[in-house]
Each structure stands twice: as structure tokens, then as C-alpha cells.
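The values are calculated or read from the model by the stated rules, or taken from the named source; none is laboratory data. All of these numbers come straight from a predicted model, not from anything done at the bench. Note that each Cβ is placed from the backbone with ideal geometry, even for glycine, and that neighbours are counted across all protein chains shown. Note: accessible area is taken over every heavy atom of the protein model, side chains too, but ligands, DNA and RNA are not part of it. Shrake-Rupley method; radii C 1.70, N 1.55, O 1.52, S 1.80 Å.
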Amino acid sequence: MEMKNRPRRLRQNPIIRGMVRETRASKDGLIYPIFFEEGENIKAPIDSMPGQFRFSPDRASEAIDECLEHGIDKVILFGIPKEKDEVGTQAWHEHGIVQEATRAIKKAYGDQVYVVCDVCMCEYTSHGHCGILHGQEVDNDSTVSYLERIAVSQAAAGADMVAPSDMMDGRVGGIRQALDDNGFQNIPIMSYAAKFASYYYGPFRDAAGSAPAFGDRRAYQMDPHNGREAMKEAMLDEEEGADILMVKPAIAYLDLIRELRYRTDLPIATYSVSGEYAMIKAAGAAGLIDEYGIMCESTVSMIRAGADIIITYFAKEIADAIRKGDIG
Ligand code: PBG
Ligand code: ZN
């Protein structure tokens, strides 16, 4: 056959495939989520997320050492308090679970480990919603003032970055101001800018005991049908001073990662959430898919779409895959 264009010329062997590869991965963009619960000597497996655990702060070093062995030096912390109440007091308490876990990690590792704290109320409120209730509704503006307190208390405990995940309006601006007023001008905000009301959070809510006691989160998290609105949310957060913009979940929203890539010069993060992890683990355990291969391919899709940063329960395994050359 006569053909000028034969794309297979560039696929003939691993060396040439490596040369023309468009997507390069780095473990430096990976953040590993860790769940902390109040108590002592706890490392409890999370049923809905095989391979993931809830730790007490005194055993933080087990979780962190394992990360460091794989080259992961960034973590995002979630807390499960003993006591919950209407206003999520333990979320902003000086000795709250996330504040204590942050202190424990920072004391032991200093600048060796970068600690991001998730800013939200749902793990701490008795009703499981991400803010302050007025009747059956989450009140936006009073919630923002609580989120500001949470962020400041986390920064005071040593957090390197805060990541609001509540989806209230104006919270990035509020948190920026509150951090600045308290001397934390240099603490960046990674905003969960386009966070969808997603079924993919199911396993996380089991892990964190944060399912809403009534209703759902559709009055604050986004409608999965809305891509333009996701861009609007992201642009608002950028104007309010966000340093990093996040799209969440990842796999089902790759189109929005890509679109945001064209619209912002900020770094883009994506959160490959608990449901994505649980599906891959379950199908792998059932022998239905090649778990490792699917993990690698899914990760590549997020980077190809435009994500600079990936928050993932597979962070350690992905770092290994990058080192082996199976990703990037
Ligand atoms: C708290 C929060 C959630 C997740 C991250 N922060 C749960 C939710 O919004 O219900 C989900 C993470 C995951 O599913 O892995 N608002
Ligand atoms: Zn929440």
C-alpha cells in the first residue's frame, strides 16, 4: 500500500513510544488522604475501602512512614470526632482530631511532610450536613464564618494548606481574609471549586460517618449535568483568592478538568474519590478487571485531561507505577 502517513511508525518499540509520549507523570503531584479518629492505638480497616484505615493520632507515623517509603510526602487529613453536635464544634476546636493529627505529624516530620487539611463540617455535625442548619436548610453565610474558624484552627495547628470542600458561596474569600487576619498569609487555599453532588462519595461517608441524617447535599454541591456552572464556580474561587482549583470526582468529570485547563492559569487538582477507588478494588478482587492496569490507565486519563495534582487513595501504588515506568 502507498501511504504517506503511517502512525504506527512511532509505535514500533518502547524507546520510540517513550519519545513521543504526550503525558508525563510525576509522583510530586500526588496527595494521599488519611482518616484520623479520636482515641489511642487505633488502626482500623475501612470496610468500604479495602486497604484503607482509620488511625488514631498516636499511630500517625505508621501511615506517614509508609507514604514516605513510596515517595509520597503530601497528605490530606480527614477527622472523625467522638462527639458531634449541631455546629460541628470539634471541627474548629484547638484540640480537635484533625488539629491533633496535624500537630503529631508536624512534630515528628516537620517540613518533610506537607499537610493539607480538608475544611468542612459534615464529619463533625450531628446532622451530617456540611454547614449550619436553619430549619432544614444549610445556611450559607453563618456556615462561612464557621469555615473560617476551622481553617484558622488548622493553620494554627501547623497545616501547610487548607482545602475547603463544603461548596458554600463566598467561602474562599472568607477563609482567605480570616487566614490573613490571623497571620497566615502564606497558607494556600486549594478550593474544591467544582464539587458535584455525587454517588461516588458513598464509601467515604461510611469511612467518615458523614452521611447526612436527612435529605442530600444537592442544595450546595453541584448538579452533575452542569459543566458551564462548574467553570463559573471555578472562576469565582479564583477571584476570591484560591491558589489551586479542584474538580471532584475525577473519572466522571474529565471533560471539566480539560475545560478548566483552558480557562485558568492556576494549578488544577482533581480528587479521585472513594467510589472510584472502591469500584476498581472490588472489580479487581472479583477477578473482573486487571486492577493495576485500570489504576494506571485511569490515572493517565486525569493527567491527560489536565490535572496537575491528583488526590487519590492509590497514591502509593501510583508512585510505584510511575517509578516502574508503567505510568508516564
Ligand atoms: C467532605 C468531603 C467529602 C469528600 C471529601 N470531603 C464527602 C462529601 O462531600 O460527602 C469525599 C471524598 C471521597 O469520596 O473520597 N465534604
Ligand atoms: Zn462536607
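List of remarks:
- Applying a DSSP loop filter and a limit of 10 other Cβ atoms within 10 Å to the GluC sites (Glu not before Pro) in the stretch 15-77 leaves Glu22, Glu40.
- Cα centroid separation, the stretch 173-241 to the stretch 4-31 (Å): 35
- Antiparallel bridge percentage (DSSP; both residues within the stretch 24-324; nearest 5): 15
- Contact order normalised by residue count of the chain, Cα under 8 Å, 6+ apart, percent: 18
- Calculated [θ] (222 nm, deg cm²/dmol) that DSSP helices of n ≥ 4 give over the chain, each run adding -39,500 (n - 2.57): -11500 deg cm²/dmol
- Rounded to 5, percent antiparallel among DSSP beta bridges of the stretch 1-125: 20
- Gap separating the Cα centres of the stretch 266-298 and the stretch 71-121, nearest whole Å: 25
- Residue pairs, from the table Lys27/Lys248; Lys106/Lys248; Lys232/Lys316; Lys43/Lys281, whose Cα atoms sit over 25 Å apart: Lys106/Lys248; Lys232/Lys316
- Largest accessible area first, the listed residues Ser26, Ser191 line up as Ser26, Ser191 when surface is computed with a 1.4 Å probe on the assembled protein chains.
- With DNA, RNA and ligands ignored, accessible area of Lys27 (1.4 Å probe; Å², nearest 10): 70
- Between Leu147, Leu68, Leu77, the residue with the greatest mean-square fluctuation in the GNM of the chain (Cα pairs under 10 Å linked by springs) is Leu68.
- The listed residues Tyr199, Tyr124, Tyr114 rank as Tyr199, Tyr114, Tyr124 when sorted by accessible area, largest first, using a 1.4 Å probe.
- Note on Asp28 and Gln136: their simple-model spin labels are 5.1 nm apart, each label 7 Å out from Cα toward Cβ.
- Trypsin sites (Lys or Arg not before Pro) restricted to the stretch 58-160 and DSSP loop, no more than 16 other C-beta within 10 Å: Lys82
- Sequence of Met19, Met222 from largest to smallest accessible area, 1.4 Å probe: Met19, Met222
- Solvent-accessible area of Glu83 with every protein chain in place, 1.4 Å probe, in Å² to the nearest 10: 130
- Solvent-accessible surface (1.4 angstrom probe) belonging to His134, in square angstrom, nearest 10: 110
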